[in-house]
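All remarks here apply to the structure that follows.
The values are calculated or read from the model by the stated rules, or taken from the named source; none is laboratory data. Source: prediction; values computed, not measured. In this analysis, Cβ positions are derived from the backbone assuming ideal geometry, glycine residues included, and neighbour counts consider all displayed protein chains.
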Amino acid sequence: MSTNLSAPANTLKNSADEPALLAQFEARIAAGETIEPRDWMPEKYRKQLTRMMGQHAHSEIVGMLPEANWLTRAPSLRRKMSLLAKIQDEAGHGLYIYCGAETLGTSREQMYDELLSGKAKYSHIFNYPTLSWADIGCVGWFVDGAAIVNQTTLAKSSYGPYARAMVRICKEENFHKKQGFEICSILANGTAEQKAMIQDAVNRWWWPSLMMFGPSDTDSPNSGELLKWGIKRKSNDELRQRFINLTVPQADAIGVTLPDPDLKLDAESGNWQFGPINWDEFKAVISGDGPCNRERLTAKQTAHAAGAWVRDAALAYAQKHAQ
Amino acid sequence: MSEIIWEVFVQAAGGEPHEHAGSVHAADKEMALQSARDVYARRGKIVNMWVVKASDISSTEPADRPSFFEPGDDKAYRHPSFYAVPRGMKGF
């Protein structure tokens, strides 16, 4: 009757039970119940979640790199401290999600190997370079802003460990967006050179940030299943629209122009209509052909190799002193 | 790399129960505590932290939930609302 927490879940079931188990599972989802690690779940649910959580965790970890790029060149101590704190948070967020993901039966080692080998994806946005200090502001405002919209709804994901990781992340993420927006707002109200710098960053980060929500659901092969099983709760398009609606007035407030001449408020729905997204760019970047893909992967491979002695030493020490 | 998984329990303030925060990978308990602090205590007045090897935690199985916990579900006499006292009585 009792089991050990770290024992693998018994996924072997009589295949004749499958339809009944699936019906029961879907009834639980429909009733808004939370699925926990040792509950029965369809293999596809397990696979989709593992893929999604893995990608999410990888994104947090890789996302540390474009920001670390400006850590030693932050304009003041205050800015350096807050950027360092943000980067530390991203490491922590990645770890929350990896810990949640491994409850599904894939080991940390396997997941991380998939990142390092290039087999696993991570959010395409982190394959863009941070070319100026203003980019750091845009990353906080747009990229973390988009992440907040996404993560707030994922906090109600049907899978317990994922939802709980999201709740934890949401509590910490708001400072990221404010930190970024503060940078943008100060630059936008600064010298002519600063204004030009922030406008240039906005011009480069806006469209890729909209792509973070993924293609329209009709073009997104996984969306149907993810929504049916409550892994995600809102469609890509809904979330993208929410982000745009939130951000347009913010841009207006600080006097930066979003690089979309088609932005127009539809008074009836309250939605900001927007121009066409270049999905060819998204496809290229997500499949390895963005500005920084090779650089990002190399950085992670190098870090992993360089840190091997630390892991080995810790293990050797622990084994030597084991009671 | 055969690191151990440790479950982390965090006490947010004096007198509060320790709450499960998540897990960490670490080679031994000292590193587990340090990692747990770095991952789960970046903010807030955490006063205490436990780490426990996941392999040392025993748990019930979801499939056993009905039979294992059922005796606690249907005993209304364990709740104050089961009992009648005269109206207007203070202290109930």
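Overview of results
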| read-out | value |
| --- | --- |
| Within segment B:11-33, tally of residues that are away from chain A (no Cβ under 11 Å) and either touching a Phe, Trp or Tyr at 6+ places or on another chain (Cβ under 6 Å) or assigned to a loop (DSSP other than H, G, I, E, B) (or both) | 7 |
| Failed item, numbered, when A:Thr72 is tested on (1) touching a helix residue (DSSP H, G or I) at 6+ places or on another chain (Cβ under 6 Å); (2) more than 13 Å from chain B (Cβ to nearest Cβ) | (1) |
| Residues satisfying the stated conditions in segment A:93-120, i.e. hydroxyl-bearing (Ser, Thr, Tyr) and either part of a loop (DSSP other than H, G, I, E, B) or over 15 Å from B:Val8 (Cβ atoms) (or both) | A:Thr103, A:Thr106, A:Ser107, A:Tyr112, A:Ser117 |
| Subset of segment B:34-92 [assigned to a loop (DSSP other than H, G, I, E, B), closer than 30 Å to B:Glu3 by Cα and more than 13 Å from chain A (Cβ to nearest Cβ)] | B:Lys45, B:Ile46, B:Val47 |
| Residue match in segment A:132-149 (condition: more than 14 Å from chain B (Cβ to nearest Cβ), modelled with pLDDT of 95 or more, more than 25 Å from A:Glu295 (Cβ to Cβ) and within 19 Å of the chain's Cα centre (by Cα)) | yes |
| Segment A:186-224 - residue that is in a helix (DSSP H, G or I), surrounded by fewer than 15 Cβ atoms within 10 Å (Cβ to Cβ) and not hydrophobic (A, V, I, L, M, F, W, C) and, of those, farthest from the chain's Cα centre (by Cα) | A:Glu193 |
| Matching residues in segment A:18-36 - criterion: being out of contact with any Ser or Thr (no Cβ under 8 Å at 6 or more places or on another chain), outside any loop (DSSP other than H, G, I, E, B) and not aromatic (Phe, Trp, Tyr) | A:Glu18, A:Pro19, A:Ala20, A:Leu21, A:Leu22, A:Ala23, A:Gln24, A:Glu26, A:Ala27, A:Arg28, A:Ala30 |
| Those residues of segment A:56-73 which are crowded, with 18+ Cβ neighbours inside 10 Å and out of contact with any His (no Cβ under 6 Å at 6 or more places or on another chain), in sequence order | A:His56, A:Ala57, A:His58, A:Ser59, A:Ile61, A:Val62, A:Gly63, A:Met64, A:Leu65, A:Pro66, A:Glu67, A:Trp70 |
